[in-house]
Structures are given as C-alpha cells and as structure tokens.
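The values are calculated or read from the model by the stated rules, or taken from the named source; none is laboratory data. All values derive from a computational prediction rather than experimental measurement. Here the Cβ is made from the backbone with ideal geometry for all residues, glycine too, and neighbour counts use every protein chain on show. Note: areas computed on protein heavy atoms with side chains; ligands, DNA, RNA excluded. Shrake-Rupley method; radii C 1.70, N 1.55, O 1.52, S 1.80 Å.
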Amino acid sequence: MKNKLKLIIALIVVASTTTFAQKKEIKTSESTINWTGKKVTGSHAGTLSFSSGYLTFEGDQISGGEFTVDMTSLTVTDLKAGAGKEKLEGHLNSDDFFGVANHKTAKLTIKKATKGKEGYSIEGSLTIKGKTNPITFDLAIKENAATTTLKVDRTKYDIKYGSGSFFDNLGDKTISDEFELAVNLKM
C-alpha cells in the first residue's frame, strides 16, 4: 500500500510540473502576407499566401513554429491588369528575383522565442530560393492572432537584380536590398 501511495504521489508531481507542447495550426485562408518592395522612384506592393503553418506553445509561451509560403501565389496589388501588373509579376517570378518555377515555396522556422512586454522576440531561419539564413523579428500575439512586420535582405538569398550593393551606375533603376513583409496570422 505504501509503495502504491508513493507511486501515485510521484506521478502527480511529475504531471503537475511537466508541460506539453501544443501545436496551433494557422488558418491559411484567413492569414495574410503583404509585401512591399522599394526602389529609388517609388515602391510596389502585393500579397503572398501561406500553404501551411503552425506555432507551438509550451503552456502559454511560444516554443517554436514553422510556416510555408506558396510562392506561386505572388501577386502585385498596386498595378492594374494591362498597366504593368502582369509584367512585374512575371519578372518577380523569374530567376532575376524568386525563381518560382524551381522554388515554389519559402519557409520560416522559429528556433527561439523570448517573451517580452509587447510580445515575443523571435529568432529563426528563413529559406528563400533554396538559401537559408537566420532572421530575427518581433511577434505580437493577441487571442487567436499573431502579427509582425519584418524586413528581409533579398541579397542574402541570391536576389541581386537592381541592387546598388552589387551593381554600379543603376541611377534611378536601383532597387532596395530589403523588402518588407507585414504578416497577420489567424489561428
């Protein structure tokens, strides 16, 4: 009887101190990615879609996550059809930029999440065009939603077209090395 009681007490202690990871899938049809790319003479904007994604939680703390972006969903939203939209989308899909024919997805993996007053400081890896680099950004969580705005240096992913860091005499054709992603996740 004493051994059974000790076993029960030990199981209760282990169960009360062990946290289990919970995986929260994102609702891909409700989650959004808005991108902005800048150049000397202005900017362009558009959208991308998630093909899958999730955050993992240990208790109420983020412990990881992974998100896959469908690069074939890339659209330009600041230009109208017949007024440059199709041309820019074609160029962004080409090997000059994202090489979508050979790289249909991009992936973000969360490796570490540190909770702060306003949300989380995230450390992870981002893979674009088969190249993986570390990335850091802040992530705000509220109820069943998470938001962030992050900047990506495209040249780290071998996207150098129009970059003043690699080419001289581009003048007003220079395109910023960084593009911005405004992400809204729904869970």
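Quick notes on this structure:
- Consider region 20-44 and keep the residues that are open to solvent by 30 Å² or more (accessible area, probe 1.4 Å) and aliphatic (A, V, I, L, M). The one that is nearest to S73 (Cα to Cα) is V40.
- Given (1) on the phi < 0 side of the Ramachandran plot; (2) open to solvent by 50 Å² or more (accessible area, probe 1.4 Å), index of the condition L108 fails: (2)
- Verdict on L74 being crowded, with 16+ Cβ neighbours inside 10 Å, within 21 Å of the chain's Cα centre (by Cα) and farther than 18 Å from F97 by Cβ: no
- Selected residue (criterion: farthest from the chain's Cα centre (by Cα)) from residues of region 43-71 that are among the charged types (D, E, K, R) and in a strand (DSSP E or B): E58
- Residue that is hydroxyl-bearing (S, T, Y) and free of Cβ contacts under 8 Å to residues at least 12 places away in the same chain, where the choices are S51, S63, S94: S94
- Members of region 12-51 found to be touching an Asp or Glu at 6+ places or on another chain (Cβ under 8 Å), within 26 Å of K111 (Cα to Cα) and modelled with pLDDT of 95 or more, listed by number: W35, T36, L48, S49, F50, S51
- Residue-level check: of (1) at pLDDT 95 or above; (2) under 20 Å from N34 (Cα atoms); (3) surrounded by 18 or more Cβ atoms within 10 Å (Cβ to Cβ), T149 misses just (3).
- Of the strands (runs of 3 or more DSSP E) contained entirely in region 80-187, not one carries at least 2 residues that are of a type outside the set (G, A, S) and touching a Cys at 6+ places or on another chain (Cβ under 9 Å).
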